[in-house]
Amino acid sequence: MEDPKADETSTPDWLQANPGYNATEDSSAPSTQNDGRDSTSSSFLQRLQKIATIISLLLSPISIILVSLWVSQKAMGGGGVSWKQGDSGRVFNWHPVLMITAYALMNVGVLVFRASGTSAYQSSLASSSAEAYSRKRGIMKSIHGTIWSLDFIFGIVAMLAVFKSHNDPISGYIANLYSFHSWVGILVLSFFTLQFIIGIASFSGLGGASRLGTPLLMEIHKYTGTYIHILATATIMLGIQEKEGFIGCSYTVNAPDLFPLLNYGLIPSACKISHGLGLVILAMGFCTNFALARFPAI
Ligand code: HEM
């Protein structure tokens with residue numbers, strides 16, 4: 001039988017498999033050279049990645065504030081949220097609120113290892129003992145798993161909200177799954193669910209599965225997780241664009257609109273907020289993707 005304590009003090013398989021990991025230097029502690037880089041340009045890139053991580057984490061709560069502000073606008077089904085029949089505009093508002101909250105949480109969830117210095121590619125825990133490293137990494141794994149579980153629930157309720165708002169006999173029926181956003185949305189939800197199930201089956205230790213999985217599975221998990229984050233970024237962009245089309249963001253002009261910046265004030269305020277929200281999501285997508293990148297030694 002496998003000793004459950006064994007993998008808490010020994011070096012994880014995937015960390016040993018990391019090309020930069022120096023097992024001879026210390027067979028249990030994380031290596032000081034575990035990313036195989038020591039040149040100035042490489043450490044400059046690592047510093048940039050740290051800055052990107054911080055920016056992205058700061059933008060997470062900002063995106064939740066912005067989406068809350070957006071749905072409180074009159075143009076958004078009267079403003080606010082509801083779960084009542086006959087109030088489909090406000091029932092719908094749960095959809096962006098929950099999806100963007102889930103995205104903001106996912107953003108934290110995918111960055112916890114980098115932010116805490118417990119990613120296999122980092123050397124920031126070089127001075128800490130293997131025990132301290134394992135304990136810290138264990139906490140990060142719990143946060144990571146809890147966030148993905150919360151996201152799963154938020155995604156389900158967000159989908160219920162949009163289907164409920166489209167199938168309301170009092171407010172009037174609206175077709176389902178007709179837009180490009182909804183198709184890409186189904187794709188991202190399917191990938192997310194698959195990643196979630198495989199993640200639980202491979203890394204949770206449930207059902208006798210190895211808590212650490214295999215290095216191959218870990219690499220695939222990291223790659224697909226990053227891809228899902230990018231896909232979710234794109235889906236939110238499409239969703240915002242879809243809703244803006246219903247609100248109507250344009251203004252009337254009686255002459256060629258040669259200096260659109262001068263007419264900025266004519267754009268409805270709900271659209272200004274959603275444009276800002278979209279830009280924040282775009283920035284989160286970029287910063288997180290950059291923070292998670294594994295650059296070769298240069
Ligand atoms: C990753 C996040 C998101 C996913 C996975 C997602 C997924 C979906 C899906 C599958 C539908 C189809 C539901 C139906 O047809 O009844 C839908 C509808 C919709 N979503 Fe999203 N959504 C996301 C975020 C957003 C955001 C942030 C907005 C911004 C308001 C939004 C706006 C809409 C709109 C307007 C509809 C109804 C029209 C349509 O079917 O396209 N979505 N979404």
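List of remarks:
- Screening A201, A232, A161 for residues that are surrounded by 15 or more Cβ atoms within 10 Å (Cβ to Cβ) and either closer than 21 Å to V110 by Cα or within 8 Å of the ligand (Cβ to nearest atom) (or both) leaves exactly one candidate, A232.
- Scan of the stretch 245-298 for residues that are within 14 Å of the ligand (Cβ to nearest atom) and over 27 Å from N107 (Cβ atoms), ordered by number: G248
- Any hit, the stretch 139-146, residues being touching a residue at least 60 places away in the same chain (Cβ under 8 Å) and outside any helix (DSSP H, G or I): no
- Residue count, the stretch 239-298 (criterion: basic (K, R) and without any contact (Cβ under 8 Å) to a residue 60 or more places away in the chain): 1
- Of all residues in the stretch 235-244 being aliphatic (A, V, I, L, M) and within 8 Å of the ligand (Cβ to nearest atom), the one that is surrounded by the most Cβ atoms within 10 Å (Cβ to Cβ): I236
- Any pair with Cβ under 6 angstrom, 6 or more apart, that starts in the stretch 169-180 at a residue that is assigned to a loop (DSSP other than H, G, I, E, B) and ends at one that is more than 7 Å from the ligand (Cβ to nearest atom): I170/Q85; I170/G86; S171/G86; S171/S88
Read-outs: derived from the displayed coordinates by stated rules, not from any lab. In this text the structure is predicted, and so the values were computed from the model without any measurement. Don't worry about glycine lacking a Cβ; one is built from the backbone with ideal geometry, like all the others, and counts go over all protein chains shown.
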